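This report concerns only the one structure given below.
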Amino acid sequence: MKKIIIIGSGIGGSGIGALIANKKEHEILLLEKSNLIGGRCASYKRKDDKGREWVFDVGCHIFSTCDKGPLGEILRRCGKPNAVKWIYTRPEVNMMGAEVTKRKRLRKRRRETEKPEEKKMSAIDYINSIPFEETFNYDDLTLEEFFNDLRENKGIKVNNLLFSMSSCIMLGTSLAATSAGEFIRCFASNYLGKANGYPMGGTGAVPEAYCSIIEENGGKILNGTEAEVKKIIIDNDQVKGVEIGPNKEFIEADLIIANSDIKTTVFKLIGGEYFSKEYVEYIKSLQWGGQGCSLKIGINKPVIEHKCLNYIPKVDIKGKNLNEIEIKELFYEGDTIPELISMLIVPISNSDPSLAPEGCQILHSVSVTKLDGTKEWTEKEENQWEKTCLNTFLTLWPDLEEHIVLKEFMGPWRLAKSFGKEGAGVGIGQIVNQVGEKRPSMVSPIKGLCFCSGDAGGSRGWGIGTELPARSALELHELLEKNEYDLDKIWS
Ligand SMILES: Cc1cc2nc3c(=O)[nH]c(=O)nc-3n(C[C@H](O)[C@H](O)[C@H](O)COP(=O)(O)OP(=O)(O)OC[C@H]3O[C@@H](n4cnc5c(N)ncnc54)[C@H](O)[C@@H]3O)c2cc1C
């Protein structure tokens, strides 16, 4: 029996905890510094001045593959496939006032009646036709290079706005940086899986279900300031335990799994001096994926029927063709904060009405504040981002402000302060040189220290948002089981 400490209750930490605890073979202690469980995937409650309860989510608002993907797989492997009830959604798209989804459905119907010889392959069809194993051949190609090849050598038309919006929403990265292989895997699984959705109870229902499995199987969970890991103690290149809370209480461990972000773990919880120069340089060189913010509004009058809407507001397209322009050129030029921003709008109470008081609605938005990395915004700039998100909502519903009961904002500055990763939405970016075989390894150079999060994966660690840490948990669990938790074997 090994003493295992997990640092953090995000999808990666709670997920690996559930998988290990389910076998009842090891002693597990999960330490979470926040009062919330679930990190970027947590939910929390707020009361309005009438004493009514509303549930909001910290960051994540929609899951790409729900029970059919790695999040559901964790529950299946723990024998609890129905511990989370998923509500499927069909994302709508509104580009500058035009309802693209409706047009797309009409086009699809028309295409179905076309004779095979009349049919021209679309970029979407082409991407979806690439066999999964083949996608890894495109890992070192940027999405821009991949699309140029489609246009020039295969005669396939590519809509830059549509694909740069997809890349921005799914991965927080631009066409020039995103790994084509990673994009193809994510896009195709999202498109073909037809299992987009939201969990009953809020996004926090997922990490909470994982944590229940830990506790039901004898594992222990501590959270709040008393449970904050201040230091990982290393002796002779091997972990010895952690110091936690204001009094730096020492707790011994054989194996430490860090769900805390990889850079903070290496440089703050341990210290660069414990690693080789090459490893320190490598961790420093890793680039975060995009950074985001989220405006959450509780309103006393429902304004939208959809469960999910991709929205690009009307802005100046600088004389360009709508199909040629990239989302980067519309919203992310220079370092200024735009007046309006592209957003994913998820009215979460349309999936689970119990999250809002009767007759009310909750709108959540997610927008990228920095593509291809992070930026240190000031508190003032963060407030400006909140205004930008609200202004964007107002382009859809001009009288919205009259109906606002509660308003919450999670910006990159607050996100970085509460949950690390310099405010990055997901973690280490899914760009060329950081995906597939080149994803940071879950096994650190220090004996007894592993990473499990959206920052590190096995050779097949891929996915959209929460899918990355969920796959990290599945792969790390397989690796530990295969080596029977024998540290000498793993670090041989
Ligand atoms: C605004 C926003 C919108 C998003 N939208 C979506 C979406 O719609 N769909 C989707 O799938 N994904 C989405 N994501 C991404 C998704 O939320 C993340 O990819 C995922 O939740 C990250 O999980 P993780 O396990 O890597 O880490 P985290 O969730 O960051 O968890 C790490 C945990 O470690 C804890 N911790 C850190 N240091 C310590 C310490 N020293 N001691 C104790 N505990 C510590 C933190 O408090 C935190 O709880 C979104 C993210 C953001 C920010």
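Rule-based calculations on the coordinates, nothing more; no lab input. If you're wondering where the values come from, they're calculated on a predicted model, not measured in any experiment. Every residue, glycine among them, receives a Cβ derived from its backbone with ideal geometry; neighbour counts consider all protein chains shown.
So here's what we get for this one:
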item: Net length gained if the chain between residue 76 and residue 281 were fully extended (0.36 nm per residue, minus Cα distance); result: 69.9 nm
item: The chain: antiparallel DSSP beta bridges as a percent of all, rounded to 5; result: 70 percent
item: Residue 240 long-range amide H proximity, modeled H, under 5 Å; result: 233, 234, 235
item: Rounded to the nearest 20 debye, dipole of the stretch 290-423 from Cβ charges on Lys, Arg, Asp, Glu; result: 180 debye
item: Cα convex hull volume per residue for the stretch 290-423 (Å³); result: 119 Å³
item: Cα long-axis angle, helix 379-396 against the chain (0 to 90 degrees, to the nearest 10); result: 40 degrees
item: Neighbour-count order for 377, 54, fewest beta carbons within 10 angstrom listed first; result: 54, 377
item: Cβ-based net charge around residue 432, under 10 Å, with every Lys or Arg adding one and every Asp or Glu removing one; result: -3
item: ³J(HN,Hα), Karplus 6.51/-1.76/1.60, whole Hz, each residue of the stretch 295-309, x for Gly, Pro; result: 9, 10, 10, x, 10, 8, 9, x, 10, 9, 9, 5, 9, 7, 9
item: Cut-off under 5 Å, modelled amide H: who pairs with residue 465 long-range; result: none
item: Extension gain, residue 231 back to residue 140 (0.36 nm per residue minus Cα-Cα distance, nm); result: 29.1 nm
item: Angle in degrees between helix 11-21 and the longest Cα principal axis of the chain, rounded to the nearest 10; result: 50 degrees
item: Positive-end residue of 256, 238, 222, charge dipole of the stretch 221-311 with Cβ unit charges; result: 222
item: P(r) weight above 22 Å for the stretch 197-277, C-alpha pairs, percent; result: 39 percent
item: Alpha-carbon centroids, the stretch 313-336 and the stretch 1-65: separation in whole Å; result: 37 Å
item: Neighbour-count ranking [beta-carbon atoms within 10 angstrom, fewest first] of 232, 317; result: 317, 232
item: Kirkwood Rh in Å, taken over the stretch 231-327 so that all alpha-carbon pairs contribute; result: 18.9 Å
item: Mean Cα-pair separation over length for the chain, i.e. relative contact order, pairs under 8 Å, 6 or more apart, %; result: 23 percent
item: Per principal axis, descending, Cα span of the stretch 384-492 in whole Å; result: 63, 26, 20
item: Hull volume in cubic angstrom per residue (convex hull over the Cα atoms of the stretch 11-53); result: 96 Å³
item: Pairs of Cα atoms farther than 25 Å apart, the stretch 142-297, %; result: 57 percent
item: Charge dipole of the chain about the Cα centre (unit charges at C-beta), most positive-ward option of 389, 415, 16; result: 389
item: Cα-based Lys proximity count in the stretch 185-292, under 13 Å, for pairs eight or more positions apart or on separate chains; result: 7
item: Per-residue ³J(HN,Hα) for the stretch 232-238, Karplus 6.51 cos²θ - 1.76 cosθ + 1.60, θ = phi - 60°, Hz, x for Gly and Pro; result: 9, 8, 10, 9, 6, 6, 9
item: Per-q log10 I(q)/I(0), the stretch 130-229, q = 0.17 Å⁻¹ (Debye; single scatterer per alpha-carbon; no solvent); result: -0.84
item: Residues 466, 65, 89, sorted so that the one with the fewest Cβ neighbours within 10 Å comes first; result: 89, 65, 466
item: Equivalent ellipsoid, the stretch 349-418 (semi-axes from 5 times Cα gyration tensor eigenvalues, Å); result: 26, 15, 11
item: Distance from the stretch 288-308 to the stretch 245-279 (C-alpha centre basis), Å; result: 35 Å
item: Along principal axes, Cα extents of the chain, largest first, whole Å; result: 64, 61, 44
item: Dipole of the chain [Lys/Arg +1, Asp/Glu -1 at C-beta], most positive-end residue of 400, 369, 161; result: 400
item: Rg/Rh for the stretch 1-79, where both radii come from Cα atoms and Rh is the Kirkwood radius; result: 1.07
item: Size of electric dipole in the stretch 343-492: Cβ of Lys, Arg +1 and of Asp, Glu -1, about Cα centre, debye, nearest 20; result: 500 debye
item: Student exercise, the chain dipole from Lys, Arg, Asp, Glu Cβ charges, in Debye to nearest 20; result: 1240 debye
item: Residue-span extension gain [residue 121 to residue 303] - 0.36 nm each, minus C-alpha spacing; result: 61.8 nm
